[in-house]
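Taking it in order: structure first as structure tokens, then the write-up.
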Amino acid sequence: MGIAPEADVSHHGHVLLWGAGLKVRVRTENHGPSSLTGVTVRVRTSVALAGRQELPQSCLRADRRTVLCRTGSLRADGVQERRLALELRLAGRPDEVVVRVDTLWNGGATDRNSRNNDHKVLAPATGDEYVF
């Protein structure tokens with residue numbers, strides 16, 4: 001059995017909540033040392049999503065509160081980034097929502113720095129951007 005490659009996936013972006021709309025922007029990078037064929041970004045919300053969603057082609061809905069999106073390949077130098085833009089509709093009009101953004105799959109690579117790819121953001125319904 002071989003040794004698992006090592007990578008340092010990072011997700012950064014912002015969350016914005018207004019009414020029943022939730023905007024999530026994610027920039028994913030890999031700081032190596034190994035390149036990755038792809039990463040699956042998981043976006044989970046503390047409240048249920050509305051029944052129908054318009055999602056980017058690279059995304060699918062996993063359950064009532066979770067969307068999964070693939071990034072495509074990521075080189076190990078950190079220069080290449082993948083951007084994700086989600087415009088989600090919530091089942092209601094909450095005063096706030098907690099959004100978790102993390103890596104669900106990275107091809108089996110070891111990532112010893114989860115602080116930059118596992119985020120939990122509280123977004124009050126102010127229409128302001130909350131950065132992670």
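Computed over protein heavy atoms with a 1.4 Å probe, the carbon and sulfur contribution to the accessible area of the chain reaches 47%. Across LEU104, LEU74, the residue with the most accessible area heads the list, and the full order at a 1.4 Å probe is LEU104, LEU74.
Pairwise alpha-carbon distances in the stretch 50-132 exceed 20 Å for 44% of all pairs.
Relative to the current alpha-carbon distance between GLU129 and LEU60, full extension at 0.36 nm per residue lengthens the span by 22.4 nm. Across ASP111, ASP102, ASP95, ASP128, the residue with the most accessible area heads the list, and the full order at a 1.4 Å probe is ASP95, ASP128, ASP111, ASP102. Sparsely packed loop sites in the stretch 72-106 (the GluC sites (Glu not before Pro) outside DSSP H, G, I, E and B with at most 10 other Cβ atoms within 10 Å) do not occur. Only Cα pairs under 8 Å and at least 6 apart count here; give the relative contact order of the chain as a rounded whole percent. That works out to 37 percent.
Available extension along the chain between ILE3 and GLU87 is 26.4 nm, counting 0.36 nm per residue and deducting the alpha carbon span.
Taken per residue, the accessible surface of the chain reaches 55 Å², heavy atoms only and a 1.4 Å probe. Each label point was placed 7 Å from the Cα along the Cα-to-Cβ direction; for ASP77 and ARG27 their separation is 1.8 nm.
For trypsin sites (Lys or Arg not before Pro), the sites in the stretch 1-110 that DSSP calls loop and that have at most 15 other Cβ atoms within 10 Å are ARG52, ARG64, ARG75.
The values are calculated or read from the model by the stated rules, or taken from the named source; none is laboratory data. Everything quoted here is computed from the prediction, not taken from an experiment. Every residue, glycine as well, gets a Cβ built from its backbone with ideal geometry; the counts of neighbours run over all protein chains shown. Note: accessible area is taken over every heavy atom of the protein model, side chains too, but ligands, DNA and RNA are not part of it. Shrake-Rupley method; radii C 1.70, N 1.55, O 1.52, S 1.80 Å.
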